[in-house]
Structures are given as C-alpha cells and as structure tokens.
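Beneath this line is the structure, given in structure tokens, with notes to follow.
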Amino acid sequence: KAGGLDRCAVHEPTEAALSLDKSRLELDLAHAAQRGELYLVYQPYVDLAEGVVSGAEALIRWRHPTRGELQPLSFIPMAEATGLILPLGRWALRTALRRASEWPASTTLSVNISPLQFQQSGFLAEVDSALADTGFPAERLELEITETVLMRDNPETTAQLHALITRGIRIALDDFGTGYSALAYLARLPHHRIKLDKTFVQDLANPATAELIRAIISLARAQGIAVTAEGVERDEHLALVRRAGFTHAQGYAMGAPAADPPELSTPAPRASAS
Ligand code: C2E
Ligand code: MG
Ligand code: MG
Ligand code: MG
C-alpha cells in the first residue's frame with residue numbers, strides 16, 4: 001500500500017536521525033564536564049518545626065553549546081545507560097561538597113546518587129576522598145538514593161549503607177512511593193529520611209491520599225525518620241503538608257533550584273563567639 005511505503009520512507013530516516021542525534025548527545029556529554037558546561041543548582045528545604053532552611057539539594061544542569069539549558073531528565077537516563085554517570089556523579093559530589101563548605105554550619109547538603117554509582121565498588125573510597133579533600137563534615141552530608149538501589153536488596157547494599165552511616169553520612173530515600181512495595185524498605189534498610197514524591201504531595205487534598213500519607217508519616221516518625229514533602233508548589237500544598245505531619249518541605253513555594261540560593265549565601269550568626 002502507498003501508506004505503508006510512505007511509512008517506511010518517513011520513519012527509517014527519522015529513526016536513523018534520532019539515533020545519530022542520540023550518539024551526538026552522548027559524545028557531547030562525555031566532554032561536557034571538562035568543557036565546563038555542567039553546573040549545579042541548589043534547592044533549599046525547610047525544617048517545618050523550626051521554620052528555617054535546614055539545607056539544600058544539589059541538582060545538575062547542562063548548558064549545551066547549541067541546545068541550550070538541558071534538564072537532568074533529558075540526559076541522566078542516557079548517562080546511566082552509557083556509564084557516563086560515574087564520572088559525572090563523581091564530579092557532582094565533589095563540586096557540591098566544595099560549594100556547601102561555604103554554607104552556614106547548621107545546614108545539610110543533599111546529593112543524588114544514581115544506582116550505578118552506588119553499586120560501583122569504588123564508591124565508598126570516592127566519598128571518603130571527596131570529604132577529605134573538601135574538609136566537609138560527613139555529618140552534614142545526605143545521600144539521596146532511590147528504590148532502584150534498594151530493590152537489589154542484597155547483603156552488599158545493606159553493608160554499604162551501614163558503612164556510609166558509620167561515617168556519619170545520612171541516607172534519604174528519594175521519590176518514595178513511586179516504586180513497588182515501598183513500605184517494605186521502611187523496615188528493612190537503614191535510612192534517616194524519606195522524601196515523599198510530589199505526586200502524593202500534590203494529591204493531599206484528596207482525603208484518601210491524606211489518610212495514607214499520615215499513616216506513612218507516623219510510621220516513619222515513630223522510628224525517628226524525617227519525612228520531606230517534595231513538590232510543594234503552592235501555599236495550599238504547604239498548609240496540607242503541615243497538617244499531614246511532614247517534618248520538612250521542599251518545592252517552588254519555599255524556593256526554586258538556584259545557582260546561589262539567597263538563604264545559603266550568607267553565613268548564619270554563630271551560636272557562640274569563638
Ligand atoms: P529529584 O532528586 O527527585 O529532584 C527533585 C526534582 O523536582 C528536581 O528536578 C526539582 O527541580 C524538581 N522540583 C523541585 N521543586 C518542585 C516543585 O515545587 N514542583 C515541581 N513540579 N518540581 C519541583 P530536576 O532538577 O529536573 O531533577 C530531576 C531528577 O534528576 C532528580 O529528581 C534526580 O533524580 C535527577 N538528578 C538531578 N541531579 C542529579 C545528580 O547530580 N545526580 C543524579 N544521579 N541524579 C540527578
Ligand atoms: Mg533528589
Ligand atoms: Mg525526589
Ligand atoms: Mg522526584
């Protein structure tokens with residue numbers, strides 16, 4: 001049929017062009033860090049009990065020479081598939097630690113760690129040397145991992161989490177609730193915080209969702225685990241987040257990711273003169 005021929009004629013070059021486009025982007029990404037095209041922005045999060053910014057999360061951005069500003073979702077999956085996430089993740093951790101060394105001592109730095117990076121055998125050594133080289137205290141570093149890491153629920157994963165925790169590093173479970181049997185991880189694996197995904201947070205006006213979330217929060221808080229609401233975009237969200245019992249909130253309502261978040265640029269007054 002003519003339609004079938006048309007399809008072939010149109011689709012084949014498009015797919016070829018698409019895959020060429022993809023390999024170009026891969027090549028570009030391989031050089032992006034050394035060309036200085038990658039940078040980090042920092043999004044603050046608020047301690048709801050204290051009413052203060054208690055830290056910020058580092059989020060990667062790519063200023064591509066011809067494509068403009070690229071968000072992580074347009075290149076992190078590719079970086080994970082090609083293994084480029086390993087050098088990229090190493091760069092992000094070091095860069096964020098260096099920057100956060102200038103923040104008030106009361107604040108925490110959160111860094112996203114991809115599953116591949118976490119599972120790589122040299123990961124602990126990488127974290128140790130980044131902390132040693134920057135002098136940043138381990139107690140102020142929080143690593144955000146996703147369920148994908150925890151689903152490989154093997155002795156190595158647990159041992160690595162314990163090794164990080166022994167150093168004083170805190171562990172956050174990111175995008176909590178988006179995967180399968182998320183609740184099981186609350187009991188099984190050591191961590192200090194869950195970050196409840198924005199899809200739940202933005203559905204808190206729904207009584208059934210609110211009830212479920214309140215149950216998760218009381219379960220977590222009973223174990224001393226902090227619970228952050230992600231994606232708090234509007235004041236209405238914040239009111240619902242407070243009512244549900246979250247300990248922390250993050251989202252555009254409290255501050256968008258920025259190269260220099262104003263809340264972190266000036267040191268807080270010292271508790272005691274020294
Ligand atoms: P994530 O760790 O869950 O980060 C939260 C994402 O939500 C960020 O998107 C942030 O900009 C966005 N966000 C913050 N507040 C709001 C809000 O109020 N409403 C909405 N709709 N969104 C909000 P971003 O920066 O595009 O990052 C996307 C994901 O890319 C991150 O999700 C994280 O999984 C990954 N990522 C970012 N930087 C890194 C990195 O350095 N290493 C690794 N492995 N992954 C990274
Ligand atoms: Mg995160
Ligand atoms: Mg998240
Ligand atoms: Mg998320």
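Numbers at a glance
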{"item": "So Ala132, is it loosely packed, with under 14 Cβ neighbours inside 10 Å, more than 16 Å from ligand 1 (Cβ to nearest atom) and not basic (Lys, Arg)", "result": "yes"}
{"item": "Filter pass, Leu18 being within 16 Å of ligand 4 (Cβ to nearest atom) and either under 16 Å from Ser74 (Cα atoms) or free of Cβ contacts under 8 Å to residues at least 40 places away in the same chain (or both)", "result": "no"}
{"item": "Test: residue in segment 18-38 that is modelled with pLDDT of 95 or more and within 25 Å of Ala226 (Cβ to Cβ)", "result": "no"}
{"item": "Residues located in segment 89-117, provided they are near ligand 1 (Cβ under 9 Å from one of its atoms) and under 14 Å from the mean Cα position of the chain (by Cα)", "result": "Gly89, Ala92, Leu93, Ala96, Ser110, Val111, Asn112, Ile113, Ser114, Pro115, Gln117"}
{"item": "Residue list for segment 82-122, filter: touching a helix residue (DSSP H, G or I) at 6+ places or on another chain (Cβ under 6 Å), of a type in the set (Phe, Trp, Tyr) and modelled with pLDDT of 95 or more", "result": "Trp103"}
{"item": "In segment 63-106, the residues that are of a type in the set (Phe, Trp, Tyr) and part of a helix (DSSP H, G or I)", "result": "Trp91"}
{"item": "In segment 247-266, the residues that are out of contact with any helix residue (DSSP H, G or I) (no Cβ under 6 Å at 6 or more places or on another chain), in a loop (DSSP other than H, G, I, E, B) and either within 14 Å of ligand 1 (Cβ to nearest atom) or over 25 Å from His191 (Cβ atoms) (or both)", "result": "Gln250, Gly251, Tyr252, Met254, Gly255, Ala256, Pro257, Ala259, Asp260, Pro261, Thr266"}
{"item": "Residue match in segment 105-122 (condition: surrounded by fewer than 18 Cβ atoms within 10 Å (Cβ to Cβ) and within 21 Å of Ala226 (Cα to Cα))", "result": "yes"}
{"item": "Checking Thr199 against (1) in contact with an Asp or Glu (Cβ under 8 Å, 6 or more places away or on another chain); (2) within 12 Å of ligand 3 (Cβ to nearest atom), the condition it does not meet", "result": "(1)"}
{"item": "Residue within segment 134-144 that is among the charged types (D, E, K, R) and within 16 Å of ligand 3 (Cβ to nearest atom) present", "result": "yes"}
{"item": "1 or more residues away from ligand 4 (no atom under 16 Å from the Cβ): qualifying helices (runs of 4 or more DSSP H) within segment 145-245", "result": "147-151, 155-166, 182-188, 207-222, 235-244"}
{"item": "Total residues in segment 127-147, condition more than 13 Å from Ala58 (Cβ to Cβ) and within 16 Å of ligand 2 (Cβ to nearest atom)", "result": "3"}
{"item": "Subset tally (residues that are among the aliphatic types (A, V, I, L, M), within 16 Å of ligand 2 (Cβ to nearest atom) and touching a Leu at 6+ places or on another chain (Cβ under 8 Å)) for segment 183-200", "result": "1"}
{"item": "Ala92 vs. criteria within 17 Å of Glu144 (Cβ to Cβ) and either surrounded by fewer than 22 Cβ atoms within 10 Å (Cβ to Cβ) or in contact (Cβ under 8 Å) with a residue 12 or more places away in the chain (or both)", "result": "yes"}
{"item": "Qualifying residue in segment 174-185 (condition: on the phi > 0 side of the Ramachandran plot, within 13 Å of ligand 1 (Cβ to nearest atom), charged (D, E, K, R) and in contact (Cβ under 8 Å) with a residue 12 or more places away in the chain)", "result": "yes"}
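The values are calculated or read from the model by the stated rules, or taken from the named source; none is laboratory data. All figures in this text were calculated on a predicted structure; none of them were measured in a lab. Because the Cβ atoms are built from the backbone with ideal geometry, glycine has one as well, and the counts that use them run over all protein chains shown.
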